[in-house]
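Single-structure report; data block below.
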Amino acid sequence: MTVSILHRVTGSGMATVGAILFVWWLVALASGPAAYASFVDLFTYHSGALNVVGYVFGIGLTLAFFQHMASGVRHLFMDAGINFELKGNKTTALLTFAFSIVATAAFWIVLLLEKIHG
């Protein structure tokens with residue numbers, strides 16, 4: 001049940017946060033260089049590297065994406081009538097959490113290594 005609720009929360013959260021950030025970015029872009037610089041400065045340092053806010057939003061949205069994807073795949077199988085046994089159901093529920101954490105960590109490690117090594 002937790003995975004089902006979290007699936008809805010991550011989907012709604014990504015849509016809401018993503019839409020707000022996208023519209024904010026478009027408005028900043030259309031408003032001129034000063035407004036756009038203010039938007040970019042909220043998430044990055046002057047060097048272009050992410051600051052704390054950038055990492056919180058980036059990692060948070062990435063974790064939400066992978067959790068939503070994993071629980072969506074789980075729900076797809078359940079819609080097909082598979083995995084209704086209690087033990088298997090609980091196992092796959094826990095695996096969605098493990099997958100989302102591991103995938104998020106791997107994604108950000110690759111991003112950071114690419115940035116370091118060019």
Open item on the list: So in the range 80-118, with the set limited to residues that are of a type in the set (D, E, K, R) and assigned to a helix (DSSP H, G or I), which one is farthest from Leu50 (Cα to Cα)?
Closed with: Lys87
Open item on the list: Can you tell me which condition Leu42 does not meet? The list is (1) surrounded by 14 or more Cβ atoms within 10 Å (Cβ to Cβ); (2) of a type outside the set (Phe, Trp, Tyr); (3) closer than 23 Å to Lys115 by Cα, and all the others hold.
Closed with: (1)
Task: Output for the range 84-112, where each listed residue is more than 19 Å from the chain's Cα centre (by Cα) and either open to solvent by 30 Å² or more (accessible area, probe 1.4 Å) or in contact (Cβ under 8 Å) with a residue 60 or more places away in the chain (or both) - done: Phe84, Glu85, Leu86, Lys87, Asn89, Lys90, Thr91, Thr92
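The values are calculated or read from the model by the stated rules, or taken from the named source; none is laboratory data. Because the structure is a prediction, the values reported are computed rather than measured. Positions of Cβ are backbone-derived with ideal geometry, glycine not excepted, and every protein chain shown enters the neighbour counts. Areas reflect the complete protein model, heavy atoms only, side chains present, ligands, DNA and RNA absent. Shrake-Rupley method; radii C 1.70, N 1.55, O 1.52, S 1.80 Å.
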